[in-house]
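Novice: Got a structure for you, written out below as structure tokens; questions coming shortly.
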């Protein structure tokens with residue numbers, strides 16, 4: 001029997017095993033320390049690569065804006081390298097395992113996802129576009145010797161389409177990154193990525209539409225003919241202005257010609273609308289919408305205006321055009337910023353500063369005969385068109401002019417080819433009724449002249465909208481506010497030409513302005529009420545294509561103004577969406593601050 005106590009014998013017997021366990025624990029701790037160090041070092045390196053990649057994105061954006069294609073290609077390659085390095089550093093097994101560690105794993109997982117998204121964008125969006133950017137820049141859309149070279153645009157179509165798809169997918173992936181438990185720097189980085197991708201995805205989608213549509217619409221696959229409506233904002237129509245003159249625009253493999261100009265008043269009246277009108281259109285705007293070329297834009301739905309104008313042209317000119325475009329003198333003034341002044345056969349010089357006043361006001365005093373006015377408009381359009389066709393203009397300024405015109409609702413386009421129209425739908429040029437999404441609720445304010453003259457040159461308009469949740473069920477109340485003012489001189493009845501005042505021919509006293517204002521809400525909204533200058537007012541309530549509409553008629557003497565408020569109830573599911581209003585583009589328009597109101601009385605100004 002041993003002299004040693006039992007506990008001592010046990011300790012001696014288990015000593016080697018205990019030491020093994022201790023070494024295993026120490027080894028595991030060391031591995032964890034090494035893993036943490038490994039991940040930490042790689043995280044620091046990945047952070048540096050991602051930061052440099054972000055810097056390259058900003059540089060690339062500036063280079064593309066400045067048409068520095070060579071520099072952009074170099075930057076794109078560097079961006080690809082930086083993004084690939086960040087992805088590699090965050091993609092090894094140790095990092096993958098560490099993503100499952102409580103707290104820290106959430107941050108590592110988010111960093112990994114950011115790295116993957118940035119690398120995907122670099123590989124599948126930036127690189128393909130960089131490969132064609134040398135042949136495709138803003139100057140690619142400028143005519144040379146009267147013709148746009150369409151082949152570089154055609155060649156770029158696959159790359160731009162791939163980039164657009166990649167960016168849309170990247171945007172969705174970035175939005176799905178879980179940042180509920182991430183540290184502030186990681187959360188901030190994810191937010192920056194989301195914002196960048198939102199902008200880039202929208203821009204890519206817009207560019208893709210242009211690249212995919214331009215060659216075919218400019219006659220690459222066969223001649224195209226379009227009807228061009230010149231809208232006169234001095235006599236308002238919901239879609240812009242009265243189509244004072246029209247012309248056929250022919251595109252032949254990138255070469256564009258303006259042909260066969262005619263006065264809008266030479267079309268109609270037809271015994272019946274040239275195409276069947278829906279009851280909504282007839283109720284709001286009358287059968288004349290389809291009986292006169294000058295009235296096809298009474299409706300704000302440009303697809304309908306275009307189809308009616310196309311049919312009228314077919315009946316009178318015997319030609320079936322492939323699409324319809326609309327433009328106004330304000331957009332022409334924007335284009336003149338790019339082209340510089342143009343000389344007219346009359347001896348007048350048309351500039352960006354005088355175009356609107358000359359075409360929408362001075363012409364009526366200078367040429368009392370409507371036939372001479374039409375000739376003047378035609379010569380002005382021809383002069384600007386010839387300058388553009390020559391390619392002698394600033395391309396970036398020209399694109400900016402078209403973008404501004406489209407954004408203000410002054411430039412419209414419709415294609416008779418269904419696949420092309422599908423691409424145009426949802427863009428600023430489509431001229432569609434207001435839409436509602438989880439992020440935006442749109443309202444429309446459309447004005448039609450009731451004076452039968454050119455007095456809308458003196459009509460100022462301000463449109464604003466505001467929204468608030470005033471009910472327990474969470475449904476938002478939205479208020480659209482419209483203020484219009486007759487800025488004509490006090491002696492307008494005698495100082496202005498009779499052609500401008502209307503001379504009372506349509507029952508409106510000379511100098512006064514009669515206007516019909518139609519306020520559209522998104523589908524499924526409920527009309528709540530209206531007021532004019534703070535007092536309850538009766539008006540026409542109806543619908544157009546499922547959109548609630550409230551329409552009011554106003555009559556203003558020189559110097560008078562009036563303010564209309566219309567309230568609607570929206571869906572609770574979109575209560576947090578932002579609200580905005582589009583409106584008929586007039587000669588002038590000022591933006592107002594969002595409408596504020598008390599829930600107890602939304603129709604009275606606060």
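The values are calculated or read from the model by the stated rules, or taken from the named source; none is laboratory data. The model shown is predicted, which means the values in this text are computed figures rather than measured ones. Positions of Cβ are generated from backbone atoms using ideal geometry, with glycine treated the same way; all protein chains shown enter the neighbour counts.
Per-residue answers, yes or no, for (1) buried (at least 16 other Cβ atoms within 10 Å of the Cβ); (2) outside any helix (DSSP H, G or I):
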residue: 392; (1), (2): no, yes
residue: 401; (1), (2): yes, no
residue: 428; (1), (2): yes, yes
residue: 433; (1), (2): yes, yes
residue: 441; (1), (2): yes, yes
residue: 446; (1), (2): yes, yes
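Novice: Identify, please: which residue in segment 56-91 is modelled with pLDDT under 75 and not in a helix (DSSP H, G or I) and is, among those, surrounded by the most Cβ atoms within 10 Å (Cβ to Cβ)?
Specialist: 68
Novice: Still on this structure: Are any of the residues in segment 203-216 surrounded by fewer than 18 Cβ atoms within 10 Å (Cβ to Cβ), part of a helix (DSSP H, G or I) and not assigned by TED's automatic domain parsing to the domain that holds residue 126?
Specialist: Looking for residues that are surrounded by fewer than 18 Cβ atoms within 10 Å (Cβ to Cβ), part of a helix (DSSP H, G or I) and not assigned by TED's automatic domain parsing to the domain that holds residue 126, one finds none in segment 203-216, hence no.
Novice: Is it true that residue 353 is within 27 Å of the chain's Cα centre (by Cα), at pLDDT 95 or above and more than 28 Å from residue 267 (Cα to Cα)?
Specialist: In short, yes.
Novice: Among the residues in segment 194-202, are any crowded, with 18+ Cβ neighbours inside 10 Å and either modelled with pLDDT of 90 or more or within 22 Å of residue 430 (Cα to Cα) (or both)?
Specialist: yes
Novice: Is one or more of the residues making up segment 243-257 within 27 Å of the chain's Cα centre (by Cα), outside any strand (DSSP E or B) and surrounded by 22 or more Cβ atoms within 10 Å (Cβ to Cβ)?
Specialist: Checking segment 243-257: not a single residue is within 27 Å of the chain's Cα centre (by Cα), outside any strand (DSSP E or B) and surrounded by 22 or more Cβ atoms within 10 Å (Cβ to Cβ).
Novice: Please determine, by comparing only the residues of segment 258-292 that are free of Cβ contacts under 8 Å to residues at least 60 places away in the same chain and touching a strand residue (DSSP E or B) at 6+ places or on another chain (Cβ under 6 Å), which one is surrounded by the most Cβ atoms within 10 Å (Cβ to Cβ).
Specialist: Of everything passing the filter in segment 258-292, 264 is surrounded by the most Cβ atoms within 10 Å (Cβ to Cβ).
Novice: Check off (1) assigned by TED's automatic domain parsing to the domain that holds residue 59; (2) buried (at least 21 other Cβ atoms within 10 Å of the Cβ); (3) not in a helix (DSSP H, G or I) for residue 181 and give me the number that stays unchecked.
Specialist: Exception for residue 181: condition (2).
Novice: I need the strands (runs of 3 or more DSSP E) fully contained in segment 522-606, keeping only those with at least 3 residues that are crowded, with 21+ Cβ neighbours inside 10 Å and assigned by TED's automatic domain parsing to the domain that holds residue 486.
Specialist: In segment 522-606, 547-556, 561-569, 578-583 are the strands (runs of 3 or more DSSP E) which contain 3 or more residues that are crowded, with 21+ Cβ neighbours inside 10 Å and assigned by TED's automatic domain parsing to the domain that holds residue 486.
Novice: Taking the condition of being part of a helix (DSSP H, G or I) and either over 20 Å from residue 584 (Cβ atoms) or out of contact with any helix residue (DSSP H, G or I) (no Cβ under 6 Å at 6 or more places or on another chain) (or both), how many residues in segment 456-513 meet it?
Specialist: Within segment 456-513, residues that are part of a helix (DSSP H, G or I) and either over 20 Å from residue 584 (Cβ atoms) or out of contact with any helix residue (DSSP H, G or I) (no Cβ under 6 Å at 6 or more places or on another chain) (or both) number 9.
Novice: Return only the number of the condition from (1) under 24 Å from residue 508 (Cβ atoms); (2) touching a strand residue (DSSP E or B) at 6+ places or on another chain (Cβ under 8 Å) that residue 535 does not satisfy.
Specialist: (2)
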